[in-house]
Structures are given as structure tokens and as C-alpha cells.
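Derivation of every value follows stated rules applied to the coordinates shown; laboratory data play no part. Computed from a predicted structure; not experimentally measured. Neighbour counts run over all protein chains shown; Cβ positions are idealised from the backbone, glycine included.
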């Protein structure tokens with residue numbers, strides 16, 4: 001009996017193995033992407049604080065605008081709320097001041 005690749009894939013699909021592997025791979029990719037986005041946000045928060053401190057005006061507004069522009073430039077707008085952005089800015093500010 002000769003088994004083709006298509007027969008093997010069909011067997012794996014109907015047995016649920018391929019479905020499970022596909023689902024797990026999808027979840028891994030989502031979490032990996034989310035972690036990368038959070039790391040970018042933290043990096044940008046530190047840059048935003050430096051930018052805001054070197055310019056006149058309300059530092060929180062300047063830093064928030066800086067990050068929102070970076071998110072838009074990288075097609076990530078809408079992934080983080082303003083509250084999340086402000087929390088990351090405050091956290092980065094504490095880390096910078098603590099160093």
C-alpha cells in the first residue's frame with residue numbers, strides 16, 4: 001500500500017493532530033508577537049521620557065504623543081490604550097530615575 005503525503009495530511013487532520021499543532025503554533029506566534037510589541041513599547045517609553053524632558057510642555061502629553069506616533073508609524077495603533085501607554089511611561093520613568 002502506497003501512502004501519499006496528501007493521505008497522510010488528511011489522516012492527521014481528521015485525527016485532530018494537525019488541528020492541534022496548527023492551533024498551538026498559532027497561539028505561540030500570537031504570544032511571541034505580543035511580547036515583541038510590549039518590548040517595543042517599553043523601549044519607546046524610555047525614548048519618550050528622554051524626548052519629553054528635553055522639550056518644553058507637559059511631559060506626560062509629550063511622551064504619550066511620542067509613543068502614539070511611533071505606534072502609528074509601525075502599524076500598531078489601537079493595540080494599546082492610553083491608560084496602558086501612560087502606565088508604561090510612568091514605569092519607565094521610575095526605572096530611569098531609580099538608576
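Could you sort the peptides 71-81, 20-30, 40-50 by per-residue average Cβ neighbour count (10 Å cutoff), highest mean leading? Could the numbers behind the result be given before it?
On the way: 71-81: 12.4, 20-30: 10.5, 40-50: 18.9.
The most tightly packed comes first, giving 40-50, 71-81, 20-30.
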When the Cα centres of the range 53-76 and the range 16-45 are compared, how far apart do they sit, in Å? 26 Å
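Using only the alpha carbon atoms of the chain, find the Kirkwood hydrodynamic radius as the inverse mean reciprocal pair distance, in angstroms to one decimal.
Numbers: mean 1/r = 0.0612 Å⁻¹.
Averaging 1/r across every pair of different Cα atoms and inverting gives 16.4 Å.
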In nanometres, what is the gap between the two model label sites at residue 75 and residue 21, each 7 Å from Cα along Cα-to-Cβ? 2.9 nm
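For the chain, what does -39500 (n - 2.57) per DSSP helix run (n ≥ 4), summed and divided by total residues, give at 222 nm, in deg cm²/dmol to the nearest 500? Can you show the working numbers first?
Details: 4 runs with 80 residues, N = 99.
Rounded to the nearest 500, the figure is -28000 deg cm²/dmol.
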